[in-house]
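**Q** Dumping the structure here so I can ask a few things about it.
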Amino acid sequence: MSDLSIELHWQRAEPAFAAGAYSNAHTVQLNKTHDIAVDSAPDWGGNPSNTNPEQALASALSSCHMMTFLALAAKAGWPVASYHDYAEAHLGKNPEGQMSVTRIDLHPVVRFDTGFSITDAQMAEMQERAHRYCFIANTLADSVEINIR
């Protein structure tokens, strides 16, 4: 299997490095061409204009789930016209009392070509299959909910 990598760059902007007195703002570079401004979540003092790791995790899950769904739908002959998702990462304490992303909710909306339809049960089954085969979902285990709209 391939190794997939990023580059992370952080540089202290303050004159001295001390607890609570430095910025977590940094840049993550994808494929040596796409720079993403990243910071702590706003609840932890980060810049709300920047992406935070928790959002990036929700994004990775949402993208992986969609790509898996599209592959399965194509194999089933479902003519998907559009796919939209609203993903939300929830922060809280895990069973060990540590802060973590306790759950990620996906809210996929799938539209098909005119004249094609499926039942709610068929959509639920296909979304469940997408969840089961998604690499990122398999990494996260039980902390994902799929709420079909």
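**Q** Grab the beta carbon distance between L4 and H26, set R0 = 22 Å, and tell me the FRET efficiency rounded to 0.05.
**A** Working: r = 19 Å, r/R0 = 0.87.
After rounding, the FRET efficiency stands at 0.70.
**Q** Take L61, L70 and order them by how many other Cβ atoms sit within 10 Å, fewest up front. Walk me through the intermediate numbers first.
**A** Working: L61 26, L70 15.
Final ranking by Cβ density, sparse to dense: L70, L61.
**Q** Please build a GNM for the chain, connecting alpha carbons under 10 Å apart, and tell me which residue among N52, N31, N138 fluctuates the most.
**A** N31
**Q** Let me ask another. Tell me the Rg and the Dmax, in Å, that the Cα atoms of region 1-116 produce.
**A** Considering region 1-116 through its Cα atoms, Rg and Dmax are 18.6, 64 Å.
**Q** Next question, about the same structure. For a quick check: sort C64, C134 by the number of other beta carbons within 10 angstrom, fewest at the front. Don't skip to the end; give the middle numbers.
**A** Working: C64 20, C134 23.
Listed from fewest to most nearby Cβ atoms, that is C64, C134.
**Q** Most fluctuating residue of R111, R12, R129 in a GNM of the chain with Cα springs under 10 Å: which is it?
**A** Checking each option, the largest mean-square fluctuation is seen for R12.
**Q** Then there is this: Can you grab the distance from the C-alpha centre of region 17-67 to the C-alpha centre of region 99-149, Å, no decimals?
**A** Between the Cα centre of region 17-67 and that of region 99-149, the gap is 24 Å.
**Q** Return the calculated 222 nm mean residue ellipticity for the chain, to the nearest 500 deg cm²/dmol, obtained by summing -39500 (n - 2.57) across DSSP H runs with n ≥ 4 and dividing by the residue count.
**A** Helix contribution divided over all residues of the chain: -9500 deg cm²/dmol.
**Q** With each pseudo-label sitting 7 Å past Cα toward Cβ, what's the F17-T114 distance in nm, one decimal?
**A** 6.2
Read-outs: derived from the displayed coordinates by stated rules, not from any lab. Source: prediction; values computed, not measured. Cβ coordinates were reconstructed from backbone atoms using ideal geometry, including for glycine residues, and neighbour counts include every protein chain displayed.
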